[in-house]
Each structure stands twice: as C-alpha cells, then as structure tokens.
1. Where residues in segment 565-586 are aliphatic (A, V, I, L, M) and modelled with pLDDT under 95, which of them is surrounded by the fewest Cβ atoms within 10 Å (Cβ to Cβ)?
2. What are the residue pairs meeting all of these: first residue in segment 585-596, first residue assigned to a loop (DSSP other than H, G, I, E, B), second residue small (Gly, Ala, Ser), Cβ atoms under 7 Å, and 6 or more apart or on different chains?
3. Please go through (1) in a strand (DSSP E or B); (2) over 30 Å from Ser585 (Cβ atoms); (3) not polar (S, T, N, Q) for Ala216 and return the number of the only condition it doesn't satisfy.
4. Restricted to segment 611-640, and to residues that are buried (at least 16 other Cβ atoms within 10 Å of the Cβ) and among the hydroxyl-bearing types (Ser, Thr, Tyr), which residue is farthest from Met533 (Cα to Cα)?
5. On the given criteria, is Gly74 on the phi > 0 side of the Ramachandran plot and not aliphatic (A, V, I, L, M)?
6. Just checking, does segment 216-233 include any residue being closer than 22 Å to Gly372 by Cβ, in contact (Cβ under 8 Å) with a residue 24 or more places away in the chain and polar (S, T, N, Q)?
7. Since Asp324 meets every condition but one in (1) crowded, with 17+ Cβ neighbours inside 10 Å; (2) out of contact with any helix residue (DSSP H, G or I) (no Cβ under 9 Å at 6 or more places or on another chain); (3) closer than 17 Å to Pro231 by Cα, which condition does it not meet?
8. Provide a single number: the residues in segment 301-315 that are surrounded by fewer than 23 Cβ atoms within 10 Å (Cβ to Cβ), out of contact with any Asp or Glu (no Cβ under 6 Å at 6 or more places or on another chain) and not charged (D, E, K, R).
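The values are calculated or read from the model by the stated rules, or taken from the named source; none is laboratory data. Every value quoted in this text rests on a predicted model; they were computed, and no experiment measured them. All Cβ positions, even for glycine, are placed from backbone atoms using ideal geometry, and neighbour counts span all protein chains on display.
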Amino acid sequence: MNASNSCLPQASGLSKFAIFMTMFITLAVLSACGGGAGTEEINPPVAAAECDPNDESTYSECGTVLIALTDADGDFVNYTVDVLSLTLETANGRVVQTLPGKTRINFTDYVDLTELVAIALIPPATYVSGTISIDYTDSEVFVEAGDESKAAVVTDADGNALTQTDLKITLSNRDRLTVVRGRSALLQLDFDLEASHTVDIVPTPATAAAEQFIVAEVSPVDEKDIRVRGPLASVSEDEMSYTVAVRPLHDQVGDFGRMKVFVTDETEFEVEEAMFVGVEGLRALSAAGTGTPTVAFGTLATGDRKFTANIVLAGSSVPGIDRDAVRGNVIARDGNFLTVRGATVISSDRRAHFHDDVVVEVGPETRVFKDGYRFSDLDVDAISVGQRVTIRGNKAQSATDALSPQILFDATQGAVRMHVTHLAGIVNTVMPGQADITLHGIDRRRVEVFDFAGTGASTDVDADPDNYEITTGVLPLANFAAGKPIVAWGFPTAFGTAPPDFTGRSVIDYTDVRSSLGVGWGSNGSTSPFVGMNTDGLVLDNQNPDIDQRHYIKTGPLLIDLTSLDSDTTIVPRSTGRMLFYIKSADSLRQYSMFEDFVNDLTESLDGATTARSMHARGHYEASSNTLTAYKIGVYLIEP
C-alpha cells in the first residue's frame, strides 16, 4: 500500500481518485524532492506541485486514507441506511470529502467484520474531526422481539422520526489521523448501535431512540477480519496480488478508490463457482477479466496497511451477480427445504432487503461450498440446522417489500456457501476431543428459534440444545470448566449424521470470552453513578436508585443483573494493548487513549450539576471478584 517517495507521478491506475473530491484543497507549497541542481540564487530549487486530488501529476505529493466501518453487538438484527457523505477536517478548518457518492450500508453486517468502504487520496495534514451524513428516508431497521424480528422506527430523543442527520466525528487528542505524503493511514468508524440507541419493543413498529455518535479510531481496539469488495482492475502473479476498484456493500456504480489485495499460497478462491488455491486463483481471476465482481475476506497489517486475503469470491460466486442471493442461518430443514432466519435477500439488481424467514429449496444439482474447504465434493446433505449460509438462486416471490411475509427461494440450480458459524453456551462436561454444552445461541440468535429435528442419525439422537456435543479434535480444553461460558466457531455436522452436533475450528473459554456492561440512569441521569473513581478504576453504585432498565453484564450467553450482585462492580483498564475511552455530551465527544486522562475529565465533569445518563464498557468480566477489565469505556453525560 505504501507509495514511493519519488516525486514522479504515480501509476495512471490512480486516476479515478479524482472523483473523490468535491472541493479543491490548497496546501502550502512543498519543497522539491532532492533539492535543486545547483546552489546559485538565480537557480533556486523548483517547488513540487501541491497535492490536488483532481490532478494526477500531483499524486506523489498526496497521502492515502483507508476508511473502514464496524459496529458492536446489540439489539438490532438489521440497520440499513444510506450514507450520503463523509468529510474530514484539519485542525485549521480545511474540509475534505472522502466519499464520491451515496452508499447503502447495513451496520449489523459489521459486528463480526470490518468493511473497507473507501480509499481516499487527500492532502497531507493532521485531521482532527469529520462529519458523516446519514439518510433514514428509505431505512430498514429491525430489532429482536423475543424469538422474532420486529420493524422499528429510529427517532431522535424527542420521539421524532429521523430523516437526515449529520454525526460529528472526533478523534482522540492523543490519536489524531496523520496523513503523510506517499503513505497510507487507516480511519475506522464504529457506529456502536447498542451504546447510541434505546430500544422499545412494545409499540408497533418498535422505536429506537437515537443519541448517535461515531467512535473514530486510527489504531482500532477491536481487531476483526476485513472485507473488501469491488470490480477487478488488474492482476499481478509476480506480486501475488490483484487490484480492485472499491465499491462497498452492493453498490453497482462509483469508484471509491483502488485497493491492492495480496494473496498467499493458502488463499482460497471461488471464481465463477469453481475452486482454486493460491496462484491458480489469480490466474482464474485474470481469465475472468477486468470488471469481474470480487469480494475478499482477510486481514490488514497495522504497520504497512497491507491487506492479505484468506478467501476470495469472484464473478457469479459473488452474491447478487447474475442471480439473486439470500444470507442468514438455517433454523429448520424439511427434506430439501431450508428455512433461513434473519435473511438478507440480495436481488440480481444488487438491492438488498431484510426478511425474517425465507424458505429455500435445494436439490441434487445445487453446488455446495464451505469456507476453508478446498474441494468440490460437498452436496446439500452437508447443510444442517444452525449453519450460516449464503445461497445463490432465484426468488420466487418479490422481495421488494421488507415487511412482506415469508418468501420462497429456488436454489435447485444454484449454489450454497457454508460460512463459519458461531455458538455460545455454558459448558456441561469436558472430555478429550469433545465439549458438551448447554447451547444458548447461534450467531446471536436465541437457540429457541432453531428446530433440530432430523439433524441426528435417528430421531433419538437429534441435536439437543441442553446437551449440544462439540467435537474439538486437538484444540486445547484445559481452561474449560463446567458452568463456565464457552464460544465456539465452526460448522454444524452434516444433516442426519449427528452426533457429534458441531465441529469446532476454534473454541474460546471463559477466561477469554468477551463481556459487555451496559447501565443507564434514566432520562435525567445521576449525579453520583460511582461510589469510587480514580486512576485505578471506577466502582459502580449497583444500588443507585436512578438505575433504569439497563443494568446488565453480558458474558457470552450469560446476562447478569447488576442490581442482583452482592457487591458493587469495579471497572478497571486492562494492563496491555490498545484502549479507547470516551465521554459523550449533547455537543461533544471527547476521546482518550489513556485511562488517566479519561478519569480526570470524568471527575471534573461530574461536578454535582452534570449527570451521567448511561455507560457502556467492553472487556473481560471475572465473576469471582465482580470486576470488568475493560479495553473500551464510554460515558454519556447530561450537562446543565
């Protein structure tokens, strides 16, 4: 990703960056590279052209910023809105537009991954803030209501439905976005739906009162897989890479910047529904030709911003290309009919809509692929209850109405890709190579929605959520214990062949299961939310009379009522690794990377007149000491 320090113009492949900017930014003239040809005053050094994103000859004087979006887990099963613009602002007020046009985004897609939405060529500077403009006019928002999904309307604090809103982006005072000539920087934006919305599922439609804000990070605390989408621009076997014109989500037009995707000998490719590995995949991409749609999943190196793909899909293997697609979890199977819950239907016109349930028919001609499996010998029997899938075929009923009832989908001549599926539960017993658990949820869906009939070799051995059997192979299980939370990533056993019920690729024991804390103090807030507050940590007043319906710690599948605990809960910063702390008020968002700075601000702010309305924290909870060791803490204040 790093460009040369030479003053020569960069490759012409960057020319499409010109459409990124709606405003011409003028910078101070930079000195020429390497000085002048002599020392005489009549021949002074020739100044290099200043960075102008509309002028390719100045690209060597520009820097690059990678814009990524992510989200935290919350109550929403779908939150699709239109992002109209994203601007960045320097300390002295210069404004740069980093999106070339409107893009439609479902923020709940980003709980388990981060989406690269744009790569902008911008003038070198220190950027301290920005603004993201969101349009709710055509939004699709659904929340969990028991075992079902329920449509919701997003409102402001006064109950008025949102139409268009501008959210301010503020960077930490110790962690500004510094863009340097010829280098790439990263800006990750966390929408954090849980912390910025209060959901009421009683009315129909449900309401989600928003007090929105964006948490911006240049060194992200949460490390997730990155997804990069866009049409193919070029392939380089020598570099083991290919380049795409970035188009986030399902956008069909626009060029949001160029991204080089590196691959390895182990990178898995599915190109036009054929499997390849490593350089053979690059050759298949090259044969598919320029403009071929691609989607890559992988990791971004924090140092040089080099993106390396683990899985690449291209051509007709990309959902919504040539055929319709549906994505979700299989909650029941009856013969060749799959019921997919929490489904996103992607029409062949690339328009995506949410549906609670979609019934999919598969058959002997349906092709089946599996993440991390390099062979083509799978058939539809591999697809069992719980499996997360993307299915390509044809919808038999219009999916243009997001509130329409269950729809039908024909994949008898289509294809299914099985994705890594996430389980959460409580350990019952542990033995070599196996853990039996009480299953609580699959991919954040309550286990009660899944019908496991037919999963076993006979009806008496169908998968039992009260004793769900996970084969773990050689994965270490030393830290697993009965009664403790467990998270497993892998695949349900082929339909009709359990037990075991699930093959774990990785398992996380209770010592590493992530926890989240959420507490609110009502619309008026509390002047004394903590009984202790210093640079060592915060101690919550768990019996504060102002505490509202938000008072929980969620550890894996466990939900712990803070008000039921015998002692007050302590929140401390972790001792190593990146951290982020913020204080939100009506007109500001102050971010800190140092806990001491955060506590000093919080102590000064809670002056007896200012109240705390809510707090959210993420980290690891130790029940024995009632302590949350946090890497991210946010407090919302109401100032007089």
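1. Result: Ala586.
2. Correct list of pairs: Ser593/Ser172.
3. Evaluating Ala216 over (1) in a strand (DSSP E or B); (2) over 30 Å from Ser585 (Cβ atoms); (3) not polar (S, T, N, Q) leaves (2) as the failure.
4. Ranking the candidates gives Tyr621 first.
5. For Gly74, the condition - on the phi > 0 side of the Ramachandran plot and not aliphatic (A, V, I, L, M) - is not met.
6. no
7. Just one mismatch for Asp324, condition (3).
8. So the count comes out to 6.
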